[in-house]
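Some notes on the structure that comes next.
The values are calculated or read from the model by the stated rules, or taken from the named source; none is laboratory data. Fair warning: this is a prediction, and the values are worked out from it, not measured in the lab. FYI the Cβ positions are ideal-geometry reconstructions off the backbone, even for glycines, and counts take in every protein chain you see.
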Amino acid sequence: MSKSSDADAALRGDTRPAGQPDGRPELAPRNHSTGRPEHERTRGRRGVTIASIGLVLFAVISAATAQVMLKHGMQIATSRAAQSGGSLALRAATSPWVLLGLVVFGVSAIAWLAALSRLPLSVAYPFNALGYLVILIASILVLHERANVLTWVGSLLVVSGLLIVVLSRP
C-alpha cells in the first residue's frame, strides 16, 4: 500500500495539522538534505572555540618546530658525513635532532587530526600560514639563516591572507 500525500489528505477532509505523520506539529524547521532540525549541528561542524583554535595553533607551531629540528639535524648529519666520508642517510637516521624532529612532527600530526575533528577544514587550514612566519623567525634566530626584505614581505602577506580568511568567516 502506498502512503497518501498531503493533497489526498485535503481531499479526504483530514483535519490533522501539517507536520509530522502522527499529526503533531514540528517544533523546529527541518534541513531538507539531512532531515534534522535546522538548529542541530552536524558532526564535525562544531563551533569555533578558543580550545579548538589553541589546538590548531599547537599543531602548526609544533610542526614548524619539528621542521627546524629536522633542518638542524640534517645540517649536523651533512657536516659529519662530509668529514668522515660516511653515509648521509645513516648519519641522518642516527641524529638525535632528526629523530626528535620526527617525534615532534608525529605529535603535531596527531594534534592536527584532533583539530580537524573539531573544525571545518576551511577554517583550520589557513592557520598553516602561520607556520611560514614561525619557520622564518626560527630559521633566523636558531639556525642563523638570513632573510631578505622580500621574504619578510611575502611571509607577512601570507599571514595577512590568513587574517582576512579567518576574520571574514560568516
- Those residues of segment 104-125 which are touching a residue at least 12 places away in the same chain (Cβ under 8 Å) and farther than 30 Å from SER168 by Cβ amount to VAL104, PHE105, VAL107
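Which residues, counting only those in segment 69-114, are assigned to a helix (DSSP H, G or I), among the hydroxyl-bearing types (Ser, Thr, Tyr) and surrounded by 15 or more Cβ atoms within 10 Å (Cβ to Cβ)?
As a first pass, look at segment 69-114 and keep what is assigned to a helix (DSSP H, G or I): 69-84, 88-93, 96-114.
So of that shortlist, the ones also among the hydroxyl-bearing types (Ser, Thr, Tyr) come out as 78-79, 84, 108.
The answer is SER108, and nothing else.
Which one is modelled with the lowest pLDDT among residues in segment 44-68 that are surrounded by 13 or more Cβ atoms within 10 Å (Cβ to Cβ) and hydroxyl-bearing (Ser, Thr, Tyr)? Steps first, answer last, please.
Applying the first criterion (surrounded by 13 or more Cβ atoms within 10 Å (Cβ to Cβ)) to segment 44-68 yields 46, 48, 52-53, 55-68.
If we keep only those that are hydroxyl-bearing (Ser, Thr, Tyr) too, we end up with 52, 62, 65.
Numbers: SER52: 92, SER62: 97, THR65: 96.
Across segment 44-68, the extreme among qualifying residues is SER52.
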- Query: Just wondering, is there one or more residues in segment 143-160 that are modelled with pLDDT under 95, within 25 Å of VAL48 (Cβ to Cβ) and of a type in the set (S, T, N, Q)?
  - Reply: yes
- Query: Hey, any hits in segment 135-158 for a residue that's assigned to a helix (DSSP H, G or I), within 19 Å of PHE58 (Cα to Cα), without any contact (Cβ under 8 Å) to a residue 60 or more places away in the chain and within 16 Å of the chain's Cα centre (by Cα)?
  - Reply: no
- Residue in segment 115-124 that is modelled with the lowest pLDDT, counting only those that are part of a helix (DSSP H, G or I) and crowded, with 16+ Cβ neighbours inside 10 Å: VAL123
